[in-house]
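J.: Sharing a structure, written as structure tokens. Questions coming.
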Amino acid sequence: MKANNRAQRYGIQIHLRYRLKGESKWWKGTTENMSRSGVLFRGEEFAEPKTPLELTFVLPKEISGARPAEVMCKGTVIWSERPREPGKLPSLATTISQYRIVRPNPESAPGRSREVA
């Protein structure tokens with residue numbers, strides 16, 4: 001019997017922003033599911049597989065454990081699908097190759113944050 005090495009996926013619908021490597025424009029999207037190794041989301045801009053990108057989103061306190069936490073990721077599109085119906089958004093599946101978590105720092109001035117390794 002073959003072992004399943006796929007990371008557990010969580011059906012989490014949260015807003016995110018993403019940009020394709022080398023671009024300055026951030027696009028909006030919404031996750032469909034996430035794991036520690038990747039994200040499936042629908043977004044405003046289509047990207048072909050093998051396209052590097054950056055993602056940023058805020059994990060709610062129910063997931064992060066304490067205060068909401070902003071997550072900044074780098075990854076690569078591994079699968080994408082153009083919308084089949086008018087008014088729908090493209091689907092993108094990406095790896096997460098690097099990430100950092102930025103939490104609000106209650107000891108600093110408003111608007112300041114600190115990185116968590």
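Laboratory data are not the source of any read-out in this text; all were calculated from the coordinates shown. Keep in mind that this is a model prediction, so the values were computed, not measured. For neighbour counting, all protein chains shown are included, and Cβ atoms are generated from backbone atoms with ideal geometry for every residue, glycine included.
J.: Of the listed peptides 76-87, 32-43, what is their order by residue-averaged count of other C-beta atoms within 10 Å, with the highest listed first?
T.: Going from most to least packed, we get 32-43, 76-87.
J.: Okay, next question. What list of ³J(HN,Hα) couplings, whole Hz, do you get for region 21-27 from phi and the Karplus terms 6.51, -1.76, 1.60, once you set θ to phi - 60° and write x for glycine and proline?
T.: Result, ordered by residue: 4, x, 9, 9, 6, 9, 9 Hz.
J.: Can you tell which of TRP27, TRP79, TYR10 lies farthest toward the positive end of the dipole of region 1-80, using +1 and -1 charges on the Cβ of basic and acidic side chains (Lys, Arg; Asp, Glu)?
T.: TYR10
J.: So how much slack lies between THR56 and SER35, counting 0.36 nm per residue of separation and subtracting their Cα-Cα distance, in nm?
T.: Numbers: separation 21, 0.36 × 21 = 7.56 nm, distance 1.47 nm.
Working it through step by step, the gained length comes to 6.1 nm.
J.: While we're on this one: Can you give the charge dipole size of region 1-94 about its Cα centre, rounded to the nearest 20 debye, using +1 on the beta carbon of Lys and Arg and -1 on the beta carbon of Asp and Glu? Numbers along the way, then the final one.
T.: Working: 17 positive and 10 negative charges, 44 e Å.
In total the dipole reaches around 220 debye.
J.: For region 1-91, calculate the relative contact order in percent as a whole number, restricting contacts to Cα pairs under 8 Å that are 6 or more residues apart.
T.: Reported as a whole number, the value is 25 percent.
J.: Quickly work out the ALA7-to-GLU70 label distance, labels modelled 7 Å from Cα along the C-beta direction, and quote it in nm with one decimal.
T.: Each label point lies 7 Å from its Cα, and together they span 2.1 nm.
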